[in-house]
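The next block holds one structure in the form of structure tokens; read it before the comments.
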Amino acid sequence: MAKEAKLTSIQTAPAQTVKSNNVNQDAGGRVRAMVIGMQKRTETVDVTKDAGTVGGQSKQLEEDPFEALSAAGQLIEPPFDMLTLALLPENNTELGPCVETMEVNIEGFGYRFIPRVTVTETKDELSKLVHAEKVQLTNFFMYASIEDSFTMLRRKLRKDLEVTGNAYLEVIRDAKGQVQAFTHIPSYQMRLGRMEDKQFQVEVPIHELQIDGSVKVVRVKAWQRFRRYAQSKAIHLRNLSYLGGYKLRWFKAYGDPRIYDNTNGTLIEDADKLERMPEDRKANEVIHFRLYSSRSPYGLPRYVGNLLSIFGDRASEEINYITFKNNNIPSMVVLVSNGQLTEGSIQRIESFVESQIQGSDNYSKFLLLEAEASGDDGEDGGQVKIAIERLVEEQHKDALFQNYSNNNQEKVRRAFRLPPIFLGKADDYTRNTAETSRVLADEQIFAPERDEFDQFINRRLFPDMGIIYHRFKSNSPNTTDNQQLVKILAGAEKTGGMTPRIARLLIEDILSLELPPLPDDFPADVPFSMTMAEAVKNKADPTEPGQQVTALKLIESLTGSQPDGDEILIEHAQQLNEFMERKFRSTVKNLHALDLDALADEG
């Protein structure tokens, strides 16, 4: 597609006569404006050629099953279109980084398993059970999702949860009914069925704490209402255009023991049908995570109140792009007064633009204005004037709506309650403010979300799996002030409140590490200062006071002699005091001498 110089002519109506000076009296006349610039040559195609005489057919797709099922009362329509919400991070510069910040800081640090009971290296029966359960958990979560790691699976769920307010996790069970694996389902493809009218009695596995401190799984009876879930997925999806029909798959709620047909969502209660029903027709369970909304069973994203800010920011960027692309103000204006350019002059200008001016098409165009006097009055009525006015200063040199865009981005960020430094805006930050922002964000935003997910695993999933000796714990970043931690540990150790076992638990929680167990013969529940005092206990005569390293031992090591009697002890103490004072004065004198020498060298 070649480029050519295109001349656009705009004829205007006769202008009204205006008062001017004596030189240009009644200069109003007919003005012709022409825009000369580089344009792309387009070719016209005859779309009716070889159209044929065959009658047309409707290309409309079959009915959306979601709409049909919603009209029939089986499904509930979400308050916002899920696909539109899923596309918003692609159309906003602030929403995507906010979602990724939540995803990384909540789910991106991994997890670990914390024993509920104290284990040692001895091979007793309890230690063997705890170790076997630890191996079972490690193997399960290593391949809980075949395609992704469990951390990546959580990140996908978090992204769906923050973008659409909903996230779905498919639970796959083996032939024995044990949880075998998980699969992520995109949230925009899922719809909620209506809650059942009647309650159904089920046995819910829970952890029950025993008097001796142990935990066991018990099953309690409870009445619950369940709902079904439907997934609709286009066979082909390209550029948001559905090219094929729809497939529909039904799921049941997590914890529902009944059997459903996954092709139509029908509850199978007949025993003969259950025996003949193949395994691939039975509906799997799905876990629905959501950001709670009081007006809908669906969740709503945090930014839902700032949709206008998101769309407004997008509109302002489109205006900036169009303004930059089209350059609404030409680079210069050629003014011709009391006359017109000849056709040859116009052709030479066109040839010059086409052959010499390089760069962007719209930025190389200029405006040609021709004006003729309406009469022969005036001293210079027949004089032709040509002037060239530069409009470069009037062109837009920066983006428009900057304050509006910044305000919109701040509104979106505040919806997630994120400090600006998490989105790369650290111009006004110091080290102290950055550390404070990290601590506050983890305490107020990220840690509660991690704890909520951990509670679901420990309260719902682990009892269902029969796990009793371990707890699931999400790892977190180290936001502890190391100096304050040292002071706390030192103060607790002096008062006897800090033991090696407690210190190790704190270190494991802060650093998100799992340390090896302590040796069997090490007193883990005795303050370490007492253990050290016992280790360096003096082996002298039993009649010696203290039987430990005392001031007498210190005096003997410094003076070379052992005091005998109270008077000798006082004398040696005075000598020790004088010795320490002389040592102090000598050190201070040397420091002053070094400072004076350094000042002399600088002078």
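The values are calculated or read from the model by the stated rules, or taken from the named source; none is laboratory data. Since the model is a prediction, treat every value here as computed from it, not as a measurement. Here Cβ is always computed from backbone atoms with ideal geometry, including for glycine, and neighbour counts include all displayed protein chains.
For segment 445-474, the set of residues classified as under 16 Å from residue 116 (Cα atoms) and of a type in the set (Gly, Ala, Ser) consists of 466, 474, listed by residue number.
Evaluate the following for residue 141: is it assigned to a helix (DSSP H, G or I), of a type in the set (Phe, Trp, Tyr) and buried (at least 16 other Cβ atoms within 10 Å of the Cβ)? Criteria met by residue 141. For beta carbons closer than 6 Å, sequence separation of 6+ or different chains, a first residue in segment 320-333 that is part of a loop (DSSP other than H, G, I, E, B) and a second that is modelled with pLDDT of 65 or more, there are no qualifying pairs.
A quick yes/no check of all residues on (1) of a type in the set (S, T, N, Q); (2) closer than 26 Å to residue 510 by Cβ; (3) modelled with pLDDT of 90 or more:
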{"site": "410", "(1), (2), (3)": "no, no, yes"}
{"site": "419", "(1), (2), (3)": "no, yes, yes"}
{"site": "432", "(1), (2), (3)": "yes, yes, no"}
{"site": "481", "(1), (2), (3)": "no, yes, no"}
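At least 1 residues being touching a Ser or Thr at 6+ places or on another chain (Cβ under 9 Å), surrounded by fewer than 17 Cβ atoms within 10 Å (Cβ to Cβ) and outside the structural domain of residue 178 (by TED's automatic domain parsing) is the threshold, and among the helices (runs of 4 or more DSSP H) wholly inside segment 404-507 those reaching it are 431-441, 447-456, 482-494. Set side by side, the residues 489, 440 differ, and just one is farther than 30 Å from residue 253 by Cβ, among the aliphatic types (A, V, I, L, M) and over 21 Å from the mean Cα position of the chain (by Cα), which is 489. Here 308, 300 are screened, and the one residue that is under 25 Å from residue 99 (Cα atoms) and either in contact with a helix residue (DSSP H, G or I) (Cβ under 8 Å, 6 or more places away or on another chain) or assigned to a helix (DSSP H, G or I) (or both) is 308. The residue that is farthest from residue 126 (Cα to Cα), among those in segment 204-214 that are in contact (Cβ under 8 Å) with a residue 40 or more places away in the chain and not hydrophobic (A, V, I, L, M, F, W, C), is 205.
Yes/no per residue for (1) hydroxyl-bearing (Ser, Thr, Tyr); (2) farther than 30 Å from residue 117 by Cα; (3) modelled with pLDDT of 95 or more; (4) in the same structural domain as residue 143 (by TED's automatic domain parsing):
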| site | (1), (2), (3), (4) |
| --- | --- |
| 167 | no, yes, yes, yes |
| 213 | no, no, no, no |
| 235 | no, yes, no, yes |
| 238 | no, yes, no, yes |
| 243 | no, yes, no, yes |
| 249 | no, yes, no, yes |
